[in-house]
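Here is the structure we will look at, set down as structure tokens.
The values are calculated or read from the model by the stated rules, or taken from the named source; none is laboratory data. What you see is a predicted model; the values in this text were computed from it and never measured. We place every Cβ from the backbone using ideal geometry, glycine too, and count neighbours over all the protein chains shown. Surface areas here come from the heavy atoms of the whole protein model, side chains and all, with no ligands, DNA or RNA. Shrake-Rupley method; radii C 1.70, N 1.55, O 1.52, S 1.80 Å.
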Amino acid sequence: PTDFPFSIRPLDVNPEDWCLSFELSVNSAPGVLLTKAVQTLNNLGKSYSLELLVQKIKEDTEADQVTKSIIINQLEKAQSWGIFSEQGTPLKDLVSSGQVTVLDMSPYATMPSGWAIKALVVGLISRNLFNQRLLARKTEEFKTLDAAMHYFTKKTEEKMAEPLVWLVLDEAHELLPK
């Protein structure tokens, strides 16, 4: 049972993350093709579906058919993971002050590429939380300095705009072959 389903927008996944998830070198022919297609769609600044990314791969005139097939196969596999959506789950729905959020990654444990899925999800969420908090911290520091410079004329805000986040990972280990 869940409170609500979780999904990621393909727009939020950068080319390096895709290549890492698919175990591709970014400098290989498939890695270059995937990077080019993802960057093209990401530069539009609008959310898109995995189907559109597949279409972009098919339309590429410079790549050979084998390279296209490798990437299309990987993207179709990613569609079967069930974690990608054009809308995605906003980070604000996952994190709020005074709330504990649990993301259950156990359904992916037995799926093909289960560790890649878990690594991608945890990595994206962690990076987004870090970036969001970093920007909020810069704003808080500016407000503190501004208030100190205008000690008698300005009030200071006591409440943080973005909450501090503690990220706890349970069973975040992979058994390595001996």
Practice problem: Collect the residues in the stretch 28-45 that are among the β-branched types (Val, Ile, Thr) and more than 15 Å from the chain's Cα centre (by Cα), keeping them in residue-number order. | Solution: Val32, Thr35, Thr40
Quiz prompt | Hey, Ala116 assigned to a helix (DSSP H, G or I) and touching a residue at least 24 places away in the same chain (Cβ under 8 Å) or not | solution = yes
Practice problem: For Asp3, state whether it is at pLDDT below 95 and either touching a Pro at 6+ places or on another chain (Cβ under 8 Å) or not in a helix (DSSP H, G or I) (or both). | Solution: yes
Quiz prompt | Scan of the stretch 53-68 for residues that are loosely packed, with under 14 Cβ neighbours inside 10 Å and not charged (D, E, K, R), ordered by number | solution = Thr61, Gln65, Val66
Quiz item: Is it true that some residue in the stretch 81-93 is among the aliphatic types (A, V, I, L, M) and assigned to a loop (DSSP other than H, G, I, E, B)?
Solution: yes
Quiz item: Does at least one position in the stretch 14-31 carry a residue that is among the hydroxyl-bearing types (Ser, Thr, Tyr), touching a helix residue (DSSP H, G or I) at 6+ places or on another chain (Cβ under 8 Å) and open to solvent by less than 40 Å² (accessible area, probe 1.4 Å)?
Solution: yes
Quiz item: Given the residues Leu124, Leu120, which is the only one that is surrounded by 11 or more Cβ atoms within 10 Å (Cβ to Cβ), touching a Ser or Thr at 6+ places or on another chain (Cβ under 7 Å), modelled with pLDDT of 75 or more and not hydroxyl-bearing (Ser, Thr, Tyr)?
Solution: Leu120
Self-check item: Of residues in the stretch 46-66 being of a type in the set (Asp, Glu) and assigned to a helix (DSSP H, G or I), the one nearest to the chain's Cα centre (by Cα)
Solution: Glu51
Quiz item: What number of residues within the stretch 73-93 are surrounded by 17 or more Cβ atoms within 10 Å (Cβ to Cβ) and free of Cβ contacts under 8 Å to residues at least 40 places away in the same chain?
Solution: 2
Quiz item: Out of curiosity, is Leu129 in contact (Cβ under 8 Å) with a residue 24 or more places away in the chain and within 13 Å of the chain's Cα centre (by Cα)?
Solution: yes
